[in-house]
Amino acid sequence: MEFLEPIKARIPDFAKDVRLNLDGVILRSSLTPQDAVGAALAAAFAAKSAELVAAFKASGVLSPEEEQAALSAAAVMGMTNVYYSYVDMANDADLKTLPAQIRMNVYQNHGGVDKRRFELYALSASAVGKCKFCVASHADVLKQEGMNATALRDIGRIAAVVNAAAQVLALTA
């Protein structure tokens, strides 16, 4: 993961664990390189890190379609993570029965990739977005698509470390 070296060089010693984990969670993942980097790209977008988004896009691992799908999944999760968390926190029985009425057309073609991969990207972004409803929903779909607990763990690890790296980079810029 040489493309991450400039990023890792900017992470100070107080965040050494983040620096050490940044490429490790991707390299030592049970996911394919495309899935791992796609999850990282979606997490970087959800964490609002233009620098990490640019690094993962420049990695050369993802096709243009995979990049677009990861960004599309993260963008739509930017809406749904907030909305469904809001509905949950409002704890209003009537509100829970109403349709969201938020456009999510990207689900019709899964952002141009297969359903499993799109759901993987959505799960990674939702982990950063901290929406328990969305995390549970995407994890369930991925289990139905044949994903095991180790792969689900690795998506969460990638999202966690990318989010932490985004926080450190934002404070040390």
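The values are calculated or read from the model by the stated rules, or taken from the named source; none is laboratory data. Note that the structure is a prediction, hence the values are computed from the model and not measured. All Cβ positions, even for glycine, are placed from backbone atoms using ideal geometry, and neighbour counts span all protein chains on display. Surface accessibility is based on the protein's heavy atoms, side chains included, excluding ligands, DNA and RNA. Shrake-Rupley method; radii C 1.70, N 1.55, O 1.52, S 1.80 Å.
Given a 10 angstrom Cα cut-off, can you work out which residue in Gln34, Gln101, Gln144 is the most mobile in a GNM of the chain?
Gln101
Go ahead and collect, in residue order, the members of the range 149-173 whose backbone nitrogen is under 18 Å from a label point 7 Å along the Cα-Cβ direction of Arg10.
The answer is 161-173.
Go through the range 129-146 residue by residue and turn each phi into a ³J(HN,Hα) via Karplus (6.51, -1.76, 1.60, θ = phi - 60°); whole Hz please, and just put x for glycine and proline.
Ordered by residue, 3J(HN,Hα) equals x, 6, 9, 5, 5, 5, 4, 4, 5, 5, 5, 4, 4, 5, 5, 5, 7, x Hz.
Explain nothing, just the number: dipole magnitude of the chain about its Cα centre with +1 on each Lys and Arg Cβ and -1 on each Asp and Glu Cβ, in debye rounded to the nearest 20.
So the dipole magnitude of the chain works out to roughly 220 debye.
Calculate one ³J(HN,Hα) per residue across the range 42-52 by plugging θ = phi - 60° into the Karplus curve 6.51 cos²θ - 1.76 cosθ + 1.60, and present them in order as whole Hz with x for glycine and proline.
5, 5, 4, 4, 4, 7, 6, 10, 4, 5, 6
Placing unit charges on C-beta atoms (Lys and Arg positive, Asp and Glu negative, everything else neutral), compute the dipole magnitude of the range 80-122 about its Cα centre in debye, rounded to 20.
260 debye
So what are the ³J(HN,Hα) numbers for the range 84-97, from phi and the Karplus equation (6.51, -1.76, 1.60; θ = phi - 60°), rounded to whole Hz, Gly and Pro as x?
In residue order, the calculated couplings are 6, 5, 4, 4, 5, 5, 5, 6, 10, 4, 5, 4, 5, 8 Hz.
Return the Cα extents of the chain along principal axes one, two and three, sorted largest first, each rounded to a whole Å.
Taking the Cα atoms of the chain, the three principal extents are 51, 32, 27 Å.
At Gln144 and Ile102, where each label point lies 7 Å from the Cα along Cα→Cβ, what is the point-to-point distance in nanometres?
If labels sit at Gln144 and Ile102, their model points lie 2.0 nm apart.
Per residue, how much accessible surface does the range 1-104 expose to a 1.4 Å probe? Answer in Å², no decimals.
For the range 1-104, the per-residue accessible area is 53 Å².
Place +1 on the Cβ of every Lys and Arg and -1 on the Cβ of every Asp and Glu in the chain, take the dipole about the Cα centre, and give the residue among Val135, Val76, Ala42 whose Cα lies farthest towards its positive end.
Value: Val135.
Would you kindly calculate the translational diffusion coefficient of the range 56-139, applying Stokes-Einstein with the Kirkwood radius from alpha carbon pairs, for 20 °C and a viscosity of 1.002 mPa s, and quote it in µm² s⁻¹ without decimals?
Once the numbers are plugged in, D ends up at 159 µm²/s.
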